[in-house]
Each structure stands twice: as C-alpha cells, then as structure tokens.
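Contents: one structure, followed by commentary.
The values are calculated or read from the model by the stated rules, or taken from the named source; none is laboratory data. Bear in mind that the values here come from a model prediction, so they are computed numbers and not experimental data. We place every Cβ from the backbone using ideal geometry, glycine too, and count neighbours over all the protein chains shown.
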Amino acid sequence: MNAMPNSADPVTRRHFVEQVARAALGVTLLPYLSSAAEPTTPKPGSLPGFGKAKNVIWLQMIGGMSHIDTLDPKTGDSKGARDPIQTKADYQLGGYLPTLARDHADKLAIIRSMSSKTGVHASGQYLMRTGYEQRGTIKHPVLGAWAQELLGKSSKTLPSSVCINRGPEHGNGFFSAAYSPLPIHDPDAGLQYSTFAASADVMSRRLALLNKIDSPFRSKFQDTNLKAYTDFYDDTLKLLSSDDLNAFKLTEEKDAEREKYGLNKFGQGCMLARRLVEHGVRFIEVTQGGWDMHNDIDDGMEENGTIIDTAISALLSDLKERGLLASTLIVLCSEFGRGPTINSRSGRDHHPKVFSTLLAGGPVRGGTIYGASDKAGESVADKQTSIQDFHSTIGHAMGMDVNQVVMSPSNRPFTVGDKGQVIPEVLA
C-alpha cells in the first residue's frame, strides 16, 4: 500500500483526510481540521503584563506541598491543625504563613484551581518544571532555557539560568547544552572551584592551546553540542575573570541580613537568588524538599511552613526595598497538592486533582485569588487551570511569544507551555 498519506506534509495529510470524510461521511471538512474552527491566539502585546518580568525566581517545593495548609486553607473537616489567617487583602492564608499573611498578601496572586493528572513525584516535578509530560524519547527545556532561546543571554559574563539546591537534570532539554542552568548545590558554598589556580594570563593561554588542539576535530565534525562546549570554555574564562563572580558569595552579606532569610539552605538560597537578580541573572530556581507529608503533617508543616514563610517574606521585602520587585516575578509551586482527608498516620496523601500556586512581583496583580477549589479542597470548583496555562502565563510575563513554534532536533514542533493559555486575570 502506498505510504504517501503518512509521509506527506500536514497540509497534504489534511487534504487526504478531508477527501475521505467527503466520500465516507458526506461532509466537506472535519471540524478539527478546519482553520476557521481553530481558536484565535492573541498577539503577545495584546494581553497585560507582557515582558514586565525581567527576572524570575522560581521556588520549587519538592514532595507535594499541601494547598489546604498553605495557600487554600479550609475550615471544614479537611482543615489542618492551625486556623486560617485572614489577610488585609480579603482572603485567607494557611496558619503556618503568618508573615506572608500580615505583610505581603497585597503583593500575591494565588491560583487555587491548578489541576494535573500526574500524581507521581518524579514525573510531576518534570511536568511542573517544563510544562510537558515526561517522555522517554525527548527531554523538554525549562523556562530559563526557553528564555535564552527566544530572548537571548541575559548577561555578558553570568549564566542566564541558575538552579540552587539541586542538580541540572531538568534544564536545557533539546536545546543546546549551553542553555543548561548552572547548579549551586549549597548556597553557603557558592560557586565551587571558582578561583584561579593560575593567573588569568596563564589560564587564557591554556584555553587557547586547548582550542587549537580541538579545532581540527570541530571543523571536521560540525555539531552544535561541540560548539556549546567551546562557548562554555569562553564563558567560564569571562566569568572567572569578572567581578560578577562576587554575586555568588553570601559571605559579603551581613549576619543580620542572612538571619532574616533563615539560616537554612532554602533561606540562604533565596538570598543568593536576590543577589543573582541584582547582577542580571534572568532565571533562578531555588528548591525546598521535605513536603512529602504522609505522616505527622502538623510537625512537617511547622518546620517547612516556617522556613518558606520567613524566606519568601524576606525576599519580597528586599526586592521591594531595592526597587527590583516590579521587574522580578516570584513563583511558588509544587508538583501537586495533598488530599483533604487526614490519613491514619496523621498525614495527607498525594492529590494532583486540585492544588495551588503563587505568583508575586513583576506584572502580578496583587491581592488576587484566581479560581477555586470546592469546600473540602478536593476538586476544582471554578476556572480549572493546567500546568501548561501556568507556564504560558509566566513565559508571557517574561516577554516570550508563547505561541511561537520552535522545532526540536528531531523536527517536532514545541511551544512555551505546550499550547497553554495565558491567564490575564493575574497580570497587570
């Protein structure tokens, strides 16, 4: 049988199926194939908030943060151990977030109608970081890599993306290796191995010799990944000889300032993120684990709630004082939420059906609650929001055309947020 319909371009395949439909069904055009039936996509600048987030600090909670005990508190049978806190912005936050509730509620936009079908940690984290479901055949880029592809580098010397408290396993995806985030496993240690063992002149000569040795191989085998490693050497030399290297040194901060964030990896990671924003790094992720609270959730929330309440409050205050909050978007998210029922071990189990995320700063419309869960926090009650919508909204705020199609090396089309819809209600 002729394989033409499978190998033809999309227009030819569409024409072929239309002909089959006309003959077999008596219709002239299938609705899902009609260009007239496709939803219109607004131009990037026609929606609010476009390009106002020059920097993003992405706060990734690992383990499934309970929405019911943090961003979407309840008062019924599913209520946690602490009572909700009423804020001046006319909504409630969980009882473990007193400083955010008291001082920063007017800066926050909370999406209470997030929903996912993924209830497994690893694949849920992948989906939340990339906006795509995990596949064995391809790796998808995170938003920092998308921004470097569509907007260019954010600094002449510093990397455009940094991830703190984790490795770069979710990073450049199918883009160049040069788009991978720089990992900082311990914010106190900063950028390890960042001092010259030799003088800058000696290092330059060594790299020049290395390039000379490699050049015949590179000229014979033209490959983007090989070029990425060459660019990496050049960028490394620029960074190591630049004053911007001081951005990674928390030792330059006063003890009182460091204590304000909390003397733990997440708190110090948030302070490091603020320093990197000041030096022009576009996208910084800070990770906090410990949210997989199947047991004794009140004890877990007491510890983790205090950590994030302290650190995020300090981060928002510092960015505001430095005039950076209006151009820096803060994102707080987790791979899913936790269920409304307290289990036999005094904990809550995985619950991707509905959960919450938080946005602050940048173009965010402060004091906003978007969507809702039901009375128990079990299901979406209003304005269901996908992780793809969440990504598209953040990408739009960063100034990316989220409808622009980029082809992967395997010649497959991809967009920021996998065709999600921007949520204009949370942007200004």
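Scanning the stretch 286-315 for residues that are surrounded by fewer than 16 Cβ atoms within 10 Å (Cβ to Cβ) and either in contact with a Ser or Thr (Cβ under 8 Å, 6 or more places away or on another chain) or not assigned by TED's automatic domain parsing to the domain that holds Ser161 (or both) gives Asn295, Asp296.
The residue that is farthest from the chain's Cα centre (by Cα), counting only those in the stretch 174-194 that are crowded, with 21+ Cβ neighbours inside 10 Å and assigned to a loop (DSSP other than H, G, I, E, B), is Pro187.
Taking Gly371 as the residue in question, decide whether it is more than 16 Å from Gly51 (Cα to Cα), in contact with a helix residue (DSSP H, G or I) (Cβ under 8 Å, 6 or more places away or on another chain) and in contact (Cβ under 8 Å) with a residue 24 or more places away in the chain. In short, no.
Could you tell me whether any residue of the stretch 263-284 is under 30 Å from Leu158 (Cβ atoms) and more than 23 Å from the chain's Cα centre (by Cα)? Yes. For the stretch 374-421, filtering for residues that are among the hydrophobic types (A, V, I, L, M, F, W, C), over 27 Å from Gly80 (Cβ atoms) and either outside any loop (DSSP other than H, G, I, E, B) or within 15 Å of the chain's Cα centre (by Cα) (or both) leaves 9.
The residues listed here are Pro39, Pro44; of these, the one that is more than 30 Å from Lys375 (Cα to Cα), at pLDDT below 80, surrounded by fewer than 23 Cβ atoms within 10 Å (Cβ to Cβ) and under 20 Å from the mean Cα position of the chain (by Cα) is Pro44. When only residues in the stretch 239-262 that are farther than 27 Å from Asn304 by Cα and more than 27 Å from the chain's Cα centre (by Cα) count, which is modelled with the highest pLDDT? That would be Asp243.
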